[in-house]
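Here is the structure we will look at.
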Amino acid sequence: MQSKGTLVVISGPSGSGKGTVVKRLREIMPEVSLSVSATTRAPREGEMDGREYYFITRDDFEDMVAQGEILEFTSYCGNYYGTPKKEAERITGEGRDLILEIEVDGASQIKRLVPDSVTIMLIPPTVSKLEERLRGRGTETEQVISNRLARAREEIKLATSYDYVVVNEDDGVEECAETIREIIRAERNKSARMSYITDKFLEN
Ligand code: 5GP
C-alpha cells in the first residue's frame, strides 16, 4: 500500500522563468511526471503533439469537456487549455507525483477539486526585473509588453491564495528548482499522506 501521488501545481506569469525552472526540476526529480495539457492553440516552432501539448480542435476540446474528460480548463488569450483527467488520475493513482504547469484560474479550480494538491507560484523578484525580462526578449511590440506586464501584475496579486511563493532571482533557476524539490519532498510526509502507515499502529 502507498499513498496517492501529489498534484503539484506550478503557476507563474510571463517573465517568471517558469518553463526553465520546471525543466530543471524534472532533471533533478526524474521520478516526478509533468502533465501534458490539451490546447486549441497552434503549435509553436519546435513543439510536438503529445510532448508539449495535445494540439486539438475547439470541437474536440469542447467534446472532451462535455464527456468529463478534462480535470480543469480555462480560456487564455483566445484559446482553450485543459488538463486531461485520465492521465492525471492514472499517474497519481500509481503513487507518483504530477506537476501541472497551469495558469491562475486552473490552479484555483484544482485546489477546490483536490484540496490536498500543492500550489506554488513562481514570481520575479521585483516589478522592474519583470519589465526588464519581458523587454529582454526584444521581439515584442510596446503594446504586447504592456499587456503582459499588466497581466503578470494581476496574476501576482493572487499569490497569497497559493500554498507557496518562490522568487526567481536572476540566475536563480537552480535555487528555485531545489526549493520546489524540498516542498514536494515535505508534502510527501504530510501526516494525512502517511496515514496508510500510521493507521496500522492503531489496528491492534
Ligand atoms: P502557452 O501558450 O504559453 O504555452 O501557455 C499559456 C498559459 O497557459 C501558461 O500560463 C500555461 O501555464 C497555461 N496552461 C498550459 N496548460 C494549461 C492547462 O492545462 N490548464 C490551464 N488552466 N492553464 C494551462
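Throughout, read-outs are computed from the coordinates displayed, never taken from laboratory work. The structure displayed is predicted, hence computed values, not measured ones. When we count neighbours, we look across all protein chains shown, and the Cβ atoms used for this are built from the backbone with ideal geometry, even at glycine.
Our note on the geometry: Cα centres of the stretch 104-136 and the stretch 22-59, 18 Å apart.
Shown in residue order for the stretch 78-90 are the 3J(HN,Hα) couplings computed by the Karplus curve 6.51 cos²θ - 1.76 cosθ + 1.60 at θ = phi - 60°: x, 10, 7, 9, x, 9, x, 6, 4, 5, 5, 5, 5 Hz (x for Gly and Pro). The protection proxy used here, the mean number of other Cβ atoms lying within 10 Å of each residue, ranks peptides 43-52, 173-182, 186-195, 100-109 as follows, highest first: 100-109, 173-182, 186-195, 43-52.
Backbone phi angles across the stretch 133-138, fed through the Karplus curve with coefficients 6.51, -1.76 and 1.60 (θ = phi - 60°), yield HN-Hα couplings of 5, 5, 6, x, 5, x Hz in residue order; Gly and Pro are listed as x.
Taking Cα atoms only, the orientation of helix 104-113 departs from the longest principal axis of the chain by about 20 degrees. Database remark: amide H of Gly12 closer than 5 angstrom to the amide H of Leu122 (H placed geometrically; neighbours at sequence offset of 5 or more, or on other chains; Pro and chain starts carry no H).
To the nearest ten degrees, helix 173-188 and the longest principal axis of the Cα atoms of the chain are 30 degrees apart. Shown for the stretch 36-95 is the translational diffusion coefficient from the Stokes-Einstein equation, using the Kirkwood radius over Cα pairs, a temperature of 37 °C and a viscosity of 0.692 mPa s: 276 µm²/s. In percent, rounded to a whole number, the relative contact order of the stretch 67-150 is 18, using alpha-carbon pairs under 8 Å and six or more apart.
As a calculated quantity, the FRET efficiency between Glu89 and Gln143 at R0 = 45 Å, using C-beta atoms, amounts to about 0.65.
Taking every lysine pair in the stretch 47-204 that is 8 or more places apart or spans two chains, those with Cα atoms closer than 28 Å amount to 9. Taken over the C-alpha atoms, the stretch 1-103 has Rg and Dmax values of 14.0, 44 angstrom. Applied to the stretch 91-102, the Karplus parametrisation 6.51 cos²θ - 1.76 cosθ + 1.60 on θ = phi - 60° returns per-residue 3J(HN,Hα) values of 5, 5, x, 7, x, 9, 7, 10, 8, 10, 9, 9 Hz, with x for Gly and Pro. Close amide H contacts of Tyr80 (hydrogens built in the peptide plane, cut-off under 5 Å, sequence separation of 5 or more or a different chain): Thr40, Arg41.
Distances between placed amide hydrogens fall under 5 Å for Val165 paired with Met121, all partners being 5 or more residues away or on another chain. What's the whole-number percent of alpha carbon pairs in the stretch 34-178 lying beyond 27 angstrom? Cα-Cα pairs in the stretch 34-178 separated by more than 27 Å: 29 percent. Remark: the chain carries a charge dipole of roughly 280 debye about the Cα centre, counting +1 on each Lys and Arg Cβ and -1 on each Asp and Glu Cβ.
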